[in-house]
1. Look at the stretch 190-199 and say how many of its residues are in contact with a strand residue (DSSP E or B) (Cβ under 9 Å, 6 or more places away or on another chain) and not in a helix (DSSP H, G or I).
2. Restricting attention to the stretch 125-155, which residues are under 21 Å from Glu218 (Cβ atoms) and polar (S, T, N, Q)?
3. Restricting to the stretch 149-179, name every residue that is more than 11 Å from the chain's Cα centre (by Cα) and in a loop (DSSP other than H, G, I, E, B).
4. What's the number of the condition Leu223 fails, among (1) in contact with an Asp or Glu (Cβ under 6 Å, 6 or more places away or on another chain); (2) modelled with pLDDT under 95?
5. Starting from the stretch 148-171, take each residue that is in contact (Cβ under 8 Å) with a residue 60 or more places away in the chain and list its partners that are loosely packed, with under 15 Cβ neighbours inside 10 Å and among the basic types (Lys, Arg), counting only C-beta distances under 9 angstrom and pairs at least six apart or across chains.
6. Name the strands (runs of 3 or more DSSP E) wholly within the stretch 39-147 that hold at least 1 residues that are outside the structural domain of Ser193 (by TED's automatic domain parsing) and surrounded by 19 or more Cβ atoms within 10 Å (Cβ to Cβ)?
7. Starting from residues that are of a type in the set (Val, Ile, Thr) and over 14 Å from Leu134 (Cα atoms), keep the ones in the stretch 200-222 and report whichever is surrounded by the most Cβ atoms within 10 Å (Cβ to Cβ).
Amino acid sequence: MCLSPSAYPPACFYDKILRMEKQILKLLERSGPMTGGEVWEHVGGNGLLLWRTCSLSSAIVMGPVGTRYLRLDRRVPGFGRLSPSIFREFLTYRVLGCAGQEDAIREKCERVERHIEEVSRVKLDLAYHTMTSLASHLDSELPIEKRVCFIIAGDIVYAMAHDVPRPERSTGKMVKGSDMDIVIIVEDDFPESLMNRLDDAIYREKYRLLITPHVREEIDYVLKRMGKVREQLAFDTFRHSKRD
């Protein structure tokens, strides 16, 4: 299929890319390898234009950090999306440098990887201790030990959590980077009233972590019955209820 002339970006677009490329190369030559986010802090401007400039450039060397994986997500066409997202990957998990800086780029990648592994470890420990404490407290009231399973999931188990401040969606409060994904599974015959009490208790803990100034971490959780897990593991459908 041929594209009409109007389908191509105007010449001024390429002029912007060339000017930005020169600016980035000058910065990297002067300061050494940086993450995409660090370059953006210095260069400013449109972040997506910066990403595209670096992606198209043959003079900018980019080194990857960490792991990439595919997530199932009912909110996107085809139900699949990359994690981290393309832009987050560029900002946090991609190191930029110039030709001739390969050793320095590799060393920077190793430093960034050690940092995200430490961030992931801290978040994993917090998620584990939060759920352990919650379960211990509730066990005297609810049949937790043998009828409920807590699973830590998401970026932190892939050692891919970041600590770049971001606003939490429901409150707008700033949190410390990646959320802590937790899946809670209960038996099929677990009473609905107790399930609601468990949901309320986890939500209160989620809110406490959000508003505590020295914590500012977000728990993203889903509570489901074992029957829903069996249905999802069959991969015959991608339908979801409120608790998915």
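The values are calculated or read from the model by the stated rules, or taken from the named source; none is laboratory data. What you see is a predicted model; the values in this text were computed from it and never measured. Every residue, glycine as well, gets a Cβ built from its backbone with ideal geometry; the counts of neighbours run over all protein chains shown.
1. First, the residues of the stretch 190-199 that are in contact with a strand residue (DSSP E or B) (Cβ under 9 Å, 6 or more places away or on another chain): 190, 194-195, 198-199.
Narrowing further to those that are not in a helix (DSSP H, G or I): 190.
Count: 1.
2. Selection gives Thr130, Thr132, Ser133.
3. Hits for the stretch 149-179 are Pro165, Glu168, Arg169, Ser170, Thr171, Gly172, Lys173, Lys176.
4. Of everything listed in (1) in contact with an Asp or Glu (Cβ under 6 Å, 6 or more places away or on another chain); (2) modelled with pLDDT under 95, Leu223 misses just condition (2).
5. Note: pairs meeting the criteria are Gly154/Arg71; Ala159/Arg121; Met160/Arg68.
6. Of the strands (runs of 3 or more DSSP E) lying wholly inside the stretch 39-147, those with at least 1 residues that are outside the structural domain of Ser193 (by TED's automatic domain parsing) and surrounded by 19 or more Cβ atoms within 10 Å (Cβ to Cβ) span 60-64, 94-98.
7. Val222
Let's see how each residue does on (1) of a type in the set (A, V, I, L, M); (2) more than 14 Å from the chain's Cα centre (by Cα):
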site	(1), (2)
Ser120	no, no
His137	no, yes
Arg147	no, yes
Ile185	yes, yes
Met195	yes, yes
